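Comments concern the structure below.
Please treat every number below as a calculation from the coordinates, not as lab data. Quick caveat, the model's predicted, so the values are computed rather than measured. Note that we place each Cβ from the backbone using ideal geometry, even for glycine, and neighbour counts take in every protein chain shown.
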Amino acid sequence: MQYVCYSNWNQLPKRVDALFARGEQDSIFFSRWWFECLTAAALDDDYTLLLACVVSGDDVLAMLPLMTDARGKNGYALRHGFTPRYGLLLADDDQAAILTCLAQGLSQSAMGGLLLEPIADNDSQLAQLQECFEAAGFGCERIFRHYNWVCQLHGQSYAAYMADRPTQLRNTIARKQRKLEREHGYEIRLFLGEDVPQHMHDYYAVYHASWKQDEIKNAGFQDCFVEKFSRAGWSRLAVLYVKEQPVAAQLWFVHQAKASIFRLAYDKAWAQYSTGSILTRFLMEYVIDTDKVNEIDFLTGNEAYKQDWMSERRECVLLCCVKPTTTKSRYQQFAESLKQMLGKRSSIALPSTNSAKPCHAHLSLNNRINLC
């Protein structure tokens with residue numbers, strides 16, 4: 001096996017599809033479709049695609065999708081503001097040797113640091129890669145980024161799942177449904193598969209009337225992967241209409257018995273009817289009783305309402321690995337490199353105020369970035 005870098009998706013050996021198929025078992029956000037759409041959205045004139053791989057003949061055994069700055073001095077996760085989770089693509093066999101090869105290859109490159117996020121704190125593959133980075137001479141630190149709420153169903157039906165939800169949530173939804181039906185009437189339409197892209201205009205109409213207008217600027221990127229995911233049958237778009245006007249919309253993805261709640265919004269003018277909660281209840285019933293999912297993932301955020309629907313809170317972190325120098329201490333090198341990398345990638349936000357978790361990174365960068 002050997003370490004090889006590619007700068008274009010088309011350069012990858014054809015048998016790389018086996019690696020992507022393995023990645024899709026963990027997450028649709030490790031699919032080739034996701035990364036290829038992401039490339040056009042995340043890269044600009046200042047960044048270059050770098051696919052750090054370990055190959056053996058025509059087989060790709062590992063891939064770390066990165067983007068590098070203009071001088072190639074720092075590597076960043078190939079990510080976007082929509083990215084709920086970043087990870088390593090890794091074959092099943094001989095993982096220790098593969099990860100050692102990948103870490104050594106990156107340590108011998110011109111890159112002085114790597115900034116990978118958001119990664120699941122319990123991602124065992126990236127934990128092993130971190131150990132290999134440290135063995136290859138990098139200094140690594142983990143910094144809390146955000147929470148991730150999920151629900152493991154353990155074979156539950158929708159009725160059993162709802163019975164476990166807070167009484168106040170169940171009563172509120174029932175009361176708001178009756179109120180909306182009585183005062184205006186409503187209809188929920190569910191679009192599946194290739195019907196989803198044809199009805200994204202209603203989804204965007206809701207976003208224009210919501211508090212999330214700024215997300216519309218990412219419509220090109222979103223339309224790219226929605227089209228590909230829908231062709232594969234992974235998409236679930238539910239829209240709540242009042243007199244043919246879309247007032248709430250939610251986009252979910254279902255694959256490998258896992259439902260990912262990707263984006264949701266409602267028209268602010270209809271907030272008093274809890275249209276978002278009514279739509280969430282509808283989709284919960286569908287994915288549990290029809291799709292037969294085993295897990296539901298709210299992806300990103302620690303908003304209080306998510307706790308009512310989910311049962312378990314996980315953490316996502318930033319992994320920063322920096323090559324030490326002989327003239328500076330490890331602490332100085334790490335702090336200075338992290339400041340430079342975070343400053344360069346201005347789109348990488350610091351931990352949000354609703355994260356509600358102390359940081360254990362133990363560094364303060366010129367009082368501009370205080371992660372502790």
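Assorted remarks:
- Look at where the Cα atoms of region 176-236 and of region 72-102 average out, and the two centres are 31 Å apart.
- Rg/Rh for region 155-293 stands at 0.96; both radii use Cα atoms, and Rh follows the Kirkwood definition.
- Near-label residues of region 130-151 by backbone N, under 18 Å of a point 7 Å along Cα→Cβ of Gln307: 146-151
- Hz values of 3J(HN,Hα) by residue in region 203-208 - Karplus curve (6.51, -1.76, 1.60), Gly and Pro given as x: 4, 5, 4, 5, 4, 4
- Summing charges over neighbours of Ala232, with a neighbour being any other residue whose Cβ is under 12 Å away from its Cβ, gives 0 when K and R count +1 and D and E count -1.
- Debye equation applied to the C-alpha atoms of region 43-97, log10 I(q)/I(0) at 0.16, 0.21 Å⁻¹: -0.58, -0.85
- Most to least packed among 90-96, 241-247, 49-55 [average Cβ atoms within 10 Å]: 49-55, 241-247, 90-96
- Distance (nanometres) between label positions extended 7 Å along Cα→Cβ at Asn10 and Asp59: 2.8
- Using the Karplus relation 6.51 cos²θ - 1.76 cosθ + 1.60 with θ = phi - 60°, the per-residue 3J(HN,Hα) values for region 42-55 come to 8, 7, 9, 5, 8, 10, 10, 5, 9, 9, 7, 10, 10, 10 Hz, with x marking Gly and Pro.
- The simple Förster model, with R0 at 41 Å and r as the Cβ-Cβ distance, assigns Arg314 and His184 a FRET efficiency of 0.60.
- Length gained on full extension, Ala232 to Ala21: 74.7 nm, using 0.36 nm per residue less the C-alpha separation.
- Cα-based helix-to-principal-axis angle, 95-107 vs the chain, degrees rounded to 10: 70
- Cubic angstrom per residue, convex hull over Cα atoms of the chain: 143
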